Amino acid sequence: MIQISRLYKTYPGSKYTPVDDLSLEIQDGHFFTLLGPSGCGKSTTLRCIAGLERPDQGEIKINGVSVFSAEAGRNLPPYKRALSMVFQSYAIWPHMTVFQNVAYPLKCQGQSREDIRKEVAWSLDLVGLGHLADRPAPLLSGGEQQRVALARAIAGRSKVILFDEPLSNLDAKLRETMRSEIRALHQQLKFTALYVTHDQEEAFSMSDMVAIMNKGKVRELGSPEELYTTPRSEFGAEFLGARTKVSGTVRGRTDDNLLVVETPLGVVHCRHFADHPPGTSVFVYVRQSEILPSEGAAQPGAPVFSARIDSVEFVGDTIDWVARAGDIALHGRSLLGRPDCKKIREHLNEAIDLQIVSACCVPST
């Protein structure tokens with residue numbers, strides 16, 4: 001378990017606080033991700049936990065042991081914090097072989113030669129690199145170097161492993177492969193994982209819980225599905241990709257607990273995190289996949305309206321398109337080869353009936 005209480009971290013001359021009164025609790029065996037844009041404080045938080053940065057205030061506990069306490073004047077060095085770390089740059093020593101890279105922290109711990117041999121062989125087999133134990137590190141591909149970094153992290157059988165954007169230097173296909181491998185290792189070994197990334201897909205595909213950070217604070221906390229379907233704030237909705245934003249007023253509630261929201265486009269039934277009484281001003285957020293060409297009459301809570309298709313962009317297996325209804329910009333996405341994709345392309349620079357099939361809302365600020 002990792003417990004963070006009232007943590008602050010500042011840098012001289014900085015105009016903002018990278019870690020600002022942060023409190024978190026990460027349960028044993030959970031895969032927990034800090035997700036946010038560049039400069040939000042996620043990596044600084046991770047480095048404070050690792051002992052690579054000294055916070056100004058607060059306390060950090062790892063597995064019940066206080067490793068940092070500003071009040072008590074305690075700041076244990078990284079090697080006494082009972083954790084491992086996988087770095088963004090892999091931190092592979094180029095003058096060593098694969099075996100020597102993985103063995104190095106075990107050697108520093110004073111383990112016997114035989115124990116080191118067994119642990120290194122075990123960890124390399126887990127990541128599929130047993131056959132490359134004697135290969136010099138510079139002769140490895142990027143994916144192989146990342147696996148060496150993983151093997152080194154698990155070789156000591158740490159109960160806590162920190163990941164600082166470990167996949168950001170890999171190509172898209174390899175990132176997908178590696179995130180599956182990291183998740184599989186976590187499920188097999190049951191360590192507590194704290195992962196840092198700006199990539200929503202990485203965070204959602206691997207995590208039990210996600211904290212969305214911005215300006216040194218946790219803005220939203222929940223499971224991936226909770227955060228995606230019912231964001232708590234404008235920042236959360238927009239950071240997680242809801243691109244169409246419409247002002248509205250709550251008018252009531254449906255039998256299945258959706259909010260009835262009146263908007264300039266019509267009445268929309270919205271998912272929501274917090275309760276909003278009738279008369280509350282809200283912002284309705286609609287994802288690209290939730291706006292479609294209309295196939296007929298409007299359904300309750302799914303309004304049909306006319307909009308002009310302003311642009312269409314081919315992005316591979318989908319097209320992204322922008323339509324405009326008055327002064328409201330609507331962002332859609334259609335799967336290539338589907339009837340709705342064909343319809344959008346055929347009506348470029350023309351008016352077409354569109355329909356919002358689902359949406360969420362957050363309080364307006």
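The values are calculated or read from the model by the stated rules, or taken from the named source; none is laboratory data. Nothing here was measured: the structure is a model prediction, and the numbers come from that model. Ideal geometry is used to build each Cβ from the backbone, glycine not excepted, and the neighbour counts take in all protein chains shown.
Tell me yes or no: at least one residue of the stretch 179-194 is among the basic types (Lys, Arg) and touching a helix residue (DSSP H, G or I) at 6+ places or on another chain (Cβ under 6 Å). Give the derivation first.
From the stretch 179-194, those among the basic types (Lys, Arg) are 179, 183, 190; that's our starting set.
Checking which are touching a helix residue (DSSP H, G or I) at 6+ places or on another chain (Cβ under 6 Å) leaves us with 179, 183.
Yes, the conditions are met somewhere in the stretch 179-194.
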Residue in the stretch 278-288 that is farther than 27 Å from GLU202 by Cβ, touching a strand residue (DSSP E or B) at 6+ places or on another chain (Cβ under 8 Å) and free of Cβ contacts under 8 Å to residues at least 40 places away in the same chain present:
yes
Those residues of the stretch 111-129 that are of a type in the set (Ser, Thr, Tyr) and either closer than 13 Å to ILE182 by Cα or surrounded by 14 or more Cβ atoms within 10 Å (Cβ to Cβ) (or both) come to a total of 1
Give me the pairs: first residue in the stretch 75-100 and more than 10 Å from ALA50 (Cα to Cα), second residue basic (Lys, Arg) and surrounded by 14 or more Cβ atoms within 10 Å (Cβ to Cβ), beta-carbon distance under 6 Å, and six or more apart or on different chains, which are they?
VAL98/ARG135
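Residue-by-condition table, conditions (1) farther than 24 Å from LEU167 by Cα; (2) of a type in the set (Asp, Glu); (3) in contact with a Lys or Arg (Cβ under 9 Å, 6 or more places away or on another chain):
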{"position": "ASP208", "(1), (2), (3)": "no, yes, no"}
{"position": "GLY241", "(1), (2), (3)": "no, no, yes"}
{"position": "THR244", "(1), (2), (3)": "yes, no, yes"}
{"position": "THR254", "(1), (2), (3)": "yes, no, no"}
{"position": "GLY266", "(1), (2), (3)": "yes, no, no"}
{"position": "ALA274", "(1), (2), (3)": "yes, no, yes"}
{"position": "SER281", "(1), (2), (3)": "yes, no, no"}
Total residues in the stretch 109-122, condition within 21 Å of ASN63 (Cβ to Cβ) and touching a residue at least 12 places away in the same chain (Cβ under 8 Å)
2
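Mind checking which residues of the stretch 301-321 are outside any loop (DSSP other than H, G, I, E, B) and closer than 15 Å to LEU335 by Cα?
Step one: list which residues in the stretch 301-321 are outside any loop (DSSP other than H, G, I, E, B), which gives 302, 304-314, 318-321.
Matches in the stretch 301-321: VAL312, GLU313, PHE314, THR318, ILE319, ASP320, TRP321.
Can you confirm whether LEU185 is within 13 Å of the chain's Cα centre (by Cα), assigned to a helix (DSSP H, G or I) and in contact (Cβ under 8 Å) with a residue 12 or more places away in the chain? Working first, answer last.
Working: within 13 Å of the chain's Cα centre (by Cα): no; assigned to a helix (DSSP H, G or I): yes; in contact (Cβ under 8 Å) with a residue 12 or more places away in the chain: yes.
Judged against the criteria, LEU185 is not a match.
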Which pairs have Cβ atoms under 9 Å, sit 6 or more apart or on different chains, and link a residue in the stretch 130-159 that is over 15 Å from SER89 (Cβ atoms) and surrounded by fewer than 18 Cβ atoms within 10 Å (Cβ to Cβ) to one that is of a type in the set (Phe, Trp, Tyr) and modelled with pLDDT under 90?
none
Please count how many residues of the stretch 205-234 are touching an Asp or Glu at 6+ places or on another chain (Cβ under 9 Å), in contact (Cβ under 8 Å) with a residue 60 or more places away in the chain and of a type in the set (Ser, Thr, Tyr).
1
Exactly one of these conditions fails for LEU106: (1) crowded, with 17+ Cβ neighbours inside 10 Å; (2) in contact with a Phe, Trp or Tyr (Cβ under 9 Å, 6 or more places away or on another chain); (3) assigned to a helix (DSSP H, G or I); (4) not acidic (Asp, Glu). Give me its number.
(2)
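When the residues of the stretch 46-56 are narrowed to those that are more than 15 Å from VAL160 (Cα to Cα) and under 26 Å from the mean Cα position of the chain (by Cα), which ends up surrounded by the most Cβ atoms within 10 Å (Cβ to Cβ)? Write out each step before concluding.
So the first thing to find is which residues in the stretch 46-56 are more than 15 Å from VAL160 (Cα to Cα), and the list is 52-56.
Filter again for under 26 Å from the mean Cα position of the chain (by Cα), leaving 52-55.
Details: LEU52: 15, GLU53: 17, ARG54: 11, PRO55: 25.
It comes out as PRO55.
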Per-region count, the stretch 238-269, residues among the small types (Gly, Ala, Ser) and touching a helix residue (DSSP H, G or I) at 6+ places or on another chain (Cβ under 9 Å):
2
Listed by first then second residue, the pairs whose first member lies in the stretch 329-346 and is outside the structural domain of VAL357 (by the TED database), whose partner is at pLDDT below 95 and surrounded by fewer than 15 Cβ atoms within 10 Å (Cβ to Cβ), with beta carbons under 8 Å and at least 6 positions apart or on separate chains, are none
Return the pair list, or none, for Cβ contacts closer than 8 Å from residues in the stretch 300-327 that are on the phi > 0 side of the Ramachandran plot to residues that are crowded, with 16+ Cβ neighbours inside 10 Å, at least 6 apart or on different chains.
GLY301/LEU258; GLY301/VAL260; GLY301/VAL267; GLY301/VAL268; GLY301/HIS269
For the stretch 161-182, how many residues are touching a Phe, Trp or Tyr at 6+ places or on another chain (Cβ under 9 Å) and without any contact (Cβ under 8 Å) to a residue 40 or more places away in the chain?
1
Test each condition in (1) at pLDDT 90 or above; (2) over 22 Å from MET1 (Cα atoms); (3) small (Gly, Ala, Ser) for ALA203 and report the one that comes out false.
(2)
Select from the stretch 203-231 the residues that are under 19 Å from GLU25 (Cβ atoms), touching a Leu at 6+ places or on another chain (Cβ under 9 Å) and not in a strand (DSSP E or B) and list them in ascending order.
ALA203, SER207, GLY216, LEU227
